[in-house]
Amino acid sequence: MSNPSVAPKTTVVVPTYNERENLPRLIELLAGIDLENVHVLVVDDNSPDGTGKLADELAETGPLPLTVLHRTEKNGLGRAYVAGITKALDEGADIVVQMDADLSHPADVIPTMVKTLTSTDAAVVLGSRYVPGGAVASDWPWHRKALSAWANFYVNAILRLKVKDATAGFKAWHAQTLRTIDVGSVESNGYAFQVEMNYRTARRGLRIAEVPIKFEERNDGESKMSLSVQLESALVPWKLLLGKKH
């Protein structure tokens, strides 16, 4: 039995590929949040810039308990998250947070997300750009804002998820929710991975909550949004609706 006096173990899963410049700052920000028993799991896809080696150094000398999962191939965000979340669950996480390494997600909102998760009936809490108080990056060009808004409208029109930010990548999950939706069998990649996770949650009658975040443009490095990622994101909602995925 778990000790009620010990705070739930919150594991922040952070996939990385060439994030050497951003990772130390992210760990510093996570160490500064007002939340007990925080662990970090870095999932590095064999970054050529040495992110994985730096993560190993942070595991030794950094301010937080940190483990590194080294993957030998770069085969998509979804696969990295499935591997990382599975490892986090195996290592006893009570709460799993999905978070980008590029400083676009505000670490200081994690305590609010976790409090919402633990004090309500929410199965997962999204850090949302599109609820009151939320915002996309102010320096996004108009076409990027339009694409993001359209993607959310498109996904919700097809799947009726009833969430404002269906493609959000900043989330706090109960471990039990992740087991219930069988995260290990999720096949989508890229941004479609986020949609499939939400769809599986909603299909099981579980509640998705949203708290506002101000999304920032990535701090250093290059965006991972490729044409193949965009195409998959367009096709997956139809595959889900037509019953080809759970």
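Let me test this: with uniform point scatterers at the alpha carbons of the chain, what is the Debye-based log₁₀ I(q)/I(0) at q = 0.14, 0.17 1/Å?
-0.91, -1.42
Which net charge results when you count Lys and Arg as +1 and Asp and Glu as -1 among the other residues whose beta-carbon is under 10 Å from that of Phe170? Provide the component values of the computation, followed by the final result.
Working: positive: Arg129, Lys171; negative: Asp100, Asp165.
Local charge sum for Phe170: 0.
Identify, among Gly134, Ser119, Phe153, the residue whose Cα sits farthest towards the positive end of the charge dipole of segment 91-156, taking +1 on the Cβ of Lys and Arg and -1 on the Cβ of Asp and Glu, with the dipole about the Cα centre.
Final value for the positive-end residue is Phe153.
Could you work out the percent of alpha carbon pairs in segment 1-79 separated by over 21 Å, rounded to a whole number?
30
Given the C-alpha centroids of segment 137-156 and segment 70-89, what is the distance between them in whole angstrom?
27
Where nothing but the Cβ of Lys and Arg (+1) and of Asp and Glu (-1) is charged, how large is the charge dipole of the chain around its Cα centre, in debye to the nearest 20?
Working: 27 positive and 30 negative charges, 274 e Å.
It comes to approximately 1320 debye.
Report, in cubic angstrom per residue, the convex hull volume of the C-alpha atoms of segment 96-138.
Working: hull volume 3.7 nm³, N = 43.
Dividing the Cα hull volume of segment 96-138 by its residues yields 87 Å³.
Around Val124, what is the net charge, scoring Lys/Arg as +1 and Asp/Glu as -1 over all other residues with Cβ under 15 Å from its Cβ? Can you show the working numbers first?
On the way: positive: Lys115, Lys162, Lys164, Lys171, Arg179, Arg200, Arg203, Arg204, Arg207; negative: Asp94, Asp121, Asp165, Asp182, Glu196, Glu210.
My count for the surroundings of Val124 gives +3.
Of Lys164/Lys214; Lys9/Lys162; Lys9/Lys74; Lys53/Lys145, which sit over 26 Å apart, Cα to Cα?
Numbers: Lys164/Lys214 14 Å; Lys9/Lys162 29 Å; Lys9/Lys74 28 Å; Lys53/Lys145 35 Å.
Exceeds cut-off: Lys9/Lys162; Lys9/Lys74; Lys53/Lys145.
Calculate the dipole size of segment 67-136 relative to its Cα centre from +1 charges on Lys and Arg beta carbons and -1 charges on Asp and Glu beta carbons; express the result in debye to the nearest 20. Don't skip to the end; give the middle numbers.
Details: 6 positive and 8 negative charges, 38 e Å.
Once rounded to the nearest 20, the dipole reads 180 debye.
Using only the alpha-carbon atoms of segment 1-134 as identical scatterers, what base-10 log of I(q)/I(0) does the Debye formula give at q = 0.10, 0.13, 0.20 Å⁻¹?
For segment 1-134, the Cα-only Debye profile gives -0.32, -0.54, -1.24.
Contact order normalised by length for the chain, with contacts defined as Cα pairs under 8 Å and 6 or more residues apart; what percent is it?
Numbers: 459 pairs, mean separation 57.1, N = 246.
It comes to 23 percent, rounded to a whole number.
Which order do the peptides 96-104, 152-160 take when ranked by the mean count of other beta-carbon atoms within 10 Å per residue, highest first?
In decreasing order of mean packing, 96-104, 152-160 become 96-104, 152-160.
Where does the chain land at 222 nm, in deg cm²/dmol rounded to the nearest 500, when only DSSP H runs of n ≥ 4 count, each adding -39500 (n - 2.57), divided by all residues?
My calculation for the chain gives -12000 deg cm²/dmol from helical runs alone.
Hydropathy at least 0.0 by Kyte-Doolittle, axial extent at least 18 angstrom from the Cα trace: which helices of the chain, defined as entire DSSP H runs, fit?
Length and hydropathy pass: 77-90, 142-159, 227-241.
FYI, it's all coordinate maths here, none of it is from the lab. The shown structure was predicted, so the numbers you read here are calculated from the model rather than taken from an experiment. Note that each Cβ is placed from the backbone with ideal geometry, even for glycine, and that neighbours are counted across all protein chains shown.
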